[in-house]
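Submitted below is the structure of interest, expressed as structure tokens.
The values are calculated or read from the model by the stated rules, or taken from the named source; none is laboratory data. All figures in this text were calculated on a predicted structure; none of them were measured in a lab. Positions of Cβ are generated from backbone atoms using ideal geometry, with glycine treated the same way; all protein chains shown enter the neighbour counts. Accessible surface areas use protein heavy atoms only, side chains included; no ligands, DNA or RNA. Shrake-Rupley method; radii C 1.70, N 1.55, O 1.52, S 1.80 Å.
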Amino acid sequence: MNALFPAGFRWGSATAAYQIEGAAAEDGRTPSIWDTFSKAPGKVRNGDTGDIAADHYHRVREDVALMKEVGITDYRFSLSWPRIQPTGSGPAAQKGLDFYRSLVDELLDAGIRPVATLYHWDLPQELEDAGGWPERATAERFAEYASLAAEALGDRVPTWTTLNEPWCAAFLGYGSGVHAPGRTDEAASLRAAHHLNLAHGLAVQALREALPASSEVSLTLNLHVIRALSDTPEDRDAVRRIDAVGNRVFLDPVFHGRLPEDLVADTAHLTDWSFVQDGDLKTISTPIDSLGVNYYSPSVVAAGTSETPSPWPGASERVRFLPAPGPRTAMDWPVDADGLYEVLVRLRDELPGVPLLITENGAAYDDYADPEGEVHDPERVAYLDAHLAATHRAIADGADVRGYFLWSLLDNFEWAYGYGKRFGIVYVDFASQRRTPKDSARWYAQVIARGGLLR
Ligand code: FCB
């Protein structure tokens, strides 16, 4: 029996502005924290930057045609804040808005629904210079930017996501420092997490004001699937700590209007949380229409200690991470589709009534074009097949999953890993910018046409 998905299921693919656009200094765009970070020696492998990336800025037509060929119904992309509002405050830059308007028009002409993310990590450098996410003012600036974007594009973009993976922005950006802006201050990373939550809440309110009533407003989290090495109380406490600073630090304020009490206790040596002001949690919990979940792989933890600087404030002194078993992708991430099932049924139970979107899932492998110019990527097909099967199983068991966005449409700038890690279903030869659909693109096209998996 085939595994068919519900009618109306959204078959998507995802990208992010800094990872694909290039044109870093064109049409008034100013540097973001990722421009600065990638140019600092030793931060990104091979010294790669997003200056040119996949040159999507100049190839919108071709790229939308590729999407149409695959047959995706929805395309998730992000808006570059420094392209739309170059200084991070004040009026919008018309050319920046024009670019996104032409992308959106191209998508609509192709019958593809645009899904826009406001923040996929490219904070205008000017706002970082003023203190960045640890400062409350950044959240206020974000809401202003959200209004500008919604006013310009809201008539044609039905789905809006405020933030992509605020965990990475806060804790990799300000805690471990492996992402831009590369700061290593655990207390500042907690402030950043709160101000990202606040930015989300303020932006939801700004979007509601500017968008048509039928618009969908969402948030994307990379929820961590955490397994204990053993059933001892110490190992189970390690899971609790990572769950607090990995998941509930966002889920509790956004969906329940509260801070996780155990996280406040775990981090008492770092901060008294006095940066949380009256009314913040009410703002942060302004209702949204769906939750986006990004899932790649699970983690295994036990009692112990982790290296510092760490992206796990309040947990690094008590938790160690172990390699999870099983096959690995080129990122060295374990392949474990059950983890996706687990996170979906957890959300089914904890957030009844909240529709779910899988806003990212996919895998990097060492792809290359063979002498015939073809790119065969059977491991990626197997990865995607297993994760879609897990999604299907979760839906059958009552999880309200409305769509799946494959990461990624194109090979792109994989943050601190640079161009060495290829996640695309379309191969990009970065020297010529030639695009070649991989076998996985044809496979995904068949899945979409059939409405599910062959079994
Ligand atoms: C996620 C990011 C996305 C991409 C994938 C592999 O954390 O949101 O931009 O880099 O990982």
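Suppose we keep only residues that are of a type in the set (A, V, I, L, M) and surrounded by fewer than 16 Cβ atoms within 10 Å (Cβ to Cβ) within region 248-269. Which one would you say is farthest from Asn294 (Cα to Cα)?
If we take residues in region 248-269 being of a type in the set (A, V, I, L, M) and surrounded by fewer than 16 Cβ atoms within 10 Å (Cβ to Cβ), then Ala268 is farthest from Asn294 (Cα to Cα).
Residues in region 113-122: is at least one in contact with a His (Cβ under 8 Å, 6 or more places away or on another chain), open to solvent by 10 Å² or more (accessible area, probe 1.4 Å), within 19 Å of His200 (Cβ to Cβ) and within 16 Å of the ligand (Cβ to nearest atom)?
Yes, because at least one residue in region 113-122 is in contact with a His (Cβ under 8 Å, 6 or more places away or on another chain), open to solvent by 10 Å² or more (accessible area, probe 1.4 Å), within 19 Å of His200 (Cβ to Cβ) and within 16 Å of the ligand (Cβ to nearest atom).
One line per residue, one yes/no per condition, for (1) assigned to a helix (DSSP H, G or I); (2) away from the ligand (no atom under 16 Å from the Cβ); (3) acidic (Asp, Glu); (4) buried (at least 22 other Cβ atoms within 10 Å of the Cβ):
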site	(1), (2), (3), (4)
Phe405	no, no, no, yes
Gly418	yes, no, no, no
Arg422	no, no, no, yes
Ser440	yes, no, no, yes
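So is Arg393 open to solvent by 50 Å² or more (accessible area, probe 1.4 Å), touching a residue at least 24 places away in the same chain (Cβ under 8 Å), more than 11 Å from the ligand (Cβ to nearest atom) and in contact with a Phe, Trp or Tyr (Cβ under 6 Å, 6 or more places away or on another chain) or not? Let's see the steps before the verdict.
Values: open to solvent by 50 Å² or more (accessible area, probe 1.4 Å): yes; touching a residue at least 24 places away in the same chain (Cβ under 8 Å): yes; more than 11 Å from the ligand (Cβ to nearest atom): yes; in contact with a Phe, Trp or Tyr (Cβ under 6 Å, 6 or more places away or on another chain): yes.
Yes: the conditions hold for Arg393.
What number goes with the only condition from (1) under 21 Å from Lys43 (Cα atoms); (2) open to solvent by less than 40 Å² (accessible area, probe 1.4 Å); (3) within 14 Å of the ligand (Cβ to nearest atom) that Val178 does not pass?
Single failed check for Val178: (2).
Given the residues Val245, Val204, which is the only one that is surrounded by 20 or more Cβ atoms within 10 Å (Cβ to Cβ), within 25 Å of Leu344 (Cα to Cα) and out of contact with any strand residue (DSSP E or B) (no Cβ under 9 Å at 6 or more places or on another chain)? Spell out the reasoning first.
Numbers: Val204 fails: out of contact with any strand residue (DSSP E or B) (no Cβ under 9 Å at 6 or more places or on another chain).
On inspection, the qualifying residue turns out to be Val245.
Sticking with this one: For region 139-150, which positions are of a type in the set (Gly, Ala, Ser) and crowded, with 24+ Cβ neighbours inside 10 Å?
Initially, region 139-150 is screened for residues of a type in the set (Gly, Ala, Ser), giving 139, 143, 146-147, 149-150.
Answer for region 139-150, where residues must be of a type in the set (Gly, Ala, Ser) and crowded, with 24+ Cβ neighbours inside 10 Å: Ala146, Ala149, Ala150.
When you check Pro166 against the structure, is it farther than 23 Å from Val60 by Cβ, out of contact with any Gly (no Cβ under 6 Å at 6 or more places or on another chain), in contact (Cβ under 8 Å) with a residue 60 or more places away in the chain and within 16 Å of the ligand (Cβ to nearest atom), yes or no?
Values: farther than 23 Å from Val60 by Cβ: yes; out of contact with any Gly (no Cβ under 6 Å at 6 or more places or on another chain): yes; in contact (Cβ under 8 Å) with a residue 60 or more places away in the chain: yes; within 16 Å of the ligand (Cβ to nearest atom): yes.
Spelling it out, Pro166 is indeed farther than 23 Å from Val60 by Cβ, out of contact with any Gly (no Cβ under 6 Å at 6 or more places or on another chain), in contact (Cβ under 8 Å) with a residue 60 or more places away in the chain and within 16 Å of the ligand (Cβ to nearest atom).
So which residues in region 144-175 are charged (D, E, K, R) and either outside any helix (DSSP H, G or I) or within 17 Å of Ala416 (Cα to Cα) (or both)? Write out each step before concluding.
Pass one, region 144-175, residues charged (D, E, K, R): 144, 151, 155-156, 165.
Asp155, Arg156, Glu165 - these are the residues of region 144-175 that are charged (D, E, K, R) and either outside any helix (DSSP H, G or I) or within 17 Å of Ala416 (Cα to Cα) (or both).
Let me ask something else about it. Check every one of the strands (runs of 3 or more DSSP E) wholly within region 289-378 and list those with 1 or more residues that are open to solvent by 30 Å² or more (accessible area, probe 1.4 Å) and either within 16 Å of the ligand (Cβ to nearest atom) or of a type outside the set (Val, Ile, Thr) (or both).
299-303, 319-322
Which of the following residues is open to solvent by 40 Å² or more (accessible area, probe 1.4 Å) and farther than 22 Å from Arg83 by Cβ: Ser214, Ser189?
Sole residue among the options that is open to solvent by 40 Å² or more (accessible area, probe 1.4 Å) and farther than 22 Å from Arg83 by Cβ: Ser214.
Right, another one. Working only within region 151-168, note down all residues that are touching a helix residue (DSSP H, G or I) at 6+ places or on another chain (Cβ under 7 Å) and open to solvent by less than 10 Å² (accessible area, probe 1.4 Å). Before you say what the answer is, go through the steps one by one.
Taking region 151-168 and keeping what is touching a helix residue (DSSP H, G or I) at 6+ places or on another chain (Cβ under 7 Å), we get 151-154, 156-157, 160, 162-163, 166-167.
Within region 151-168, Leu153, Gly154, Val157, Trp160, Thr162, Leu163, Pro166 meet the criteria.
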